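This report refers to the structure that appears directly beneath it.
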Amino acid sequence: MKPTIAIDGPAGAGKSTVSRRLAQALGLRYVDTGAMYRVVGVLADEAGVELDDAPALAALCDALRLEFAERADGVRVLANGRDLTGAIRSAEAGQWASRVSTHPAVRERLVALQRRMGEGGGVVMEGRDIGTVVLPHATVKIFLVASAAERARRRWAELAARGDPADLGHIQREIEERDARDRGRAHSPLVPAADALLVDTTSESVDEVVARVRKLVAAQGNP
């Protein structure tokens, strides 16, 4: 059976890029669970649902049809038939995701969906609780880390490339606040699994990190 690879870590550590590249290199499916929480946040904002209204957020999850579709320009995130790939990448969507993810009712519904996506292996799944909660029996567990300053710089560069002006100090404060919220939540906090392999991406390029992770996967007896 093809391996199941869990990649966790805080915002800006490189999970999405590394996971996508790894999935492509190994011929596996790619699932971005963080995008799922961003989708719920965006849908809540569109519908005028308060981010502390757990029952209403759970109802959004119950009605959610989600698909990660491979396209020529990359993986597109389709929610209820709509392409929300661009909308979920805003800074606001990231903050909304962090807030909706604190509700157990939301996490329970999305975790159930994530587990269905991981059935049968052959997947690289990234998020914040994949190795600990979603796929605790994953073949390989990787936990990416990077300094808050470097993660803020990456986010600033990403926004600058899109023509969106941003304050680097403000971005770093948001990242640190999100880290504290993600680590401190009672339900599925952001912590490495006991058997996760830690990879610090602070001073390495994407190519270097992908190469390191591929070696770690191979060392566990996988292609």
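Some notes on this structure:
- Charge dipole of region 65-118 (Cα centre as origin; +1 on each Lys and Arg Cβ, -1 on each Asp and Glu Cβ, all else neutral): 200 debye, rounded to the nearest 20.
- Largest accessible area first, the residues HIS103, HIS137, HIS187 order themselves as HIS137, HIS187, HIS103 under a 1.4 Å probe with ligands, DNA and RNA left out.
- Taking the convex hull of the alpha carbon positions in region 113-223 and averaging its projected area over all directions gives 8.4 nm².
- Antiparallel DSSP beta bridges within the chain, percent to nearest 5: 30 percent
- Rolling a 1.4 Å probe over the heavy atoms of the protein chains gives the chain an accessible area of 46 Å² per residue.
- Heavy-atom accessible area for ASP195, with the other protein chains in place and a 1.4 Å probe, reaches approximately 90 Å².
- Against the empirical 2.2 N^0.38 Å (N residues), region 170-223 has a Cα radius of gyration ratio of 1.48.
- Per residue, the convex hull spanned by the alpha carbons of region 3-100 comes to 109 Å³.
- Only Lys, Arg, Asp and Glu carry charge here, each on its Cβ (+1 for the first two, -1 for the last two); on that basis region 1-145 has a dipole of about 600 debye about its Cα centre.
- Bins of 5 Å from zero: percent of alpha-carbon pairs in region 80-163: 3, 10, 16, 19, 22, 17, 11, 2, 0
- For the chain, the spread of Cα positions along the three principal axes, ordered from largest to smallest, is 48, 39, 38 Å.
- A 1.4 Å probe, protein heavy atoms only, puts the accessible area of THR202 near 50 Å².
- GNM remark for the chain: springs join alpha carbons under 10 Å apart, and the peak mean-square fluctuation among SER16, SER101, SER203 falls on SER203.
- Ordering PRO104, THR201, ALA166 by the projection of their Cα atoms onto the charge dipole of the chain, which places +1 on the Cβ of Lys and Arg and -1 on the Cβ of Asp and Glu, puts THR201 at the extreme positive end.
- Calculated from backbone phi, Karplus (6.51, -1.76, 1.60) coupling profile of region 93-100 in Hz, x at Gly/Pro: 4, x, 5, 4, 4, 4, 6, 5
The values are calculated or read from the model by the stated rules, or taken from the named source; none is laboratory data. Nothing here was measured: the structure is a model prediction, and the numbers come from that model. Cβ sites come from the backbone with ideal geometry, for glycine too, and all protein chains shown count toward neighbours. Areas reflect the complete protein model, heavy atoms only, side chains present, ligands, DNA and RNA absent. Shrake-Rupley method; radii C 1.70, N 1.55, O 1.52, S 1.80 Å.
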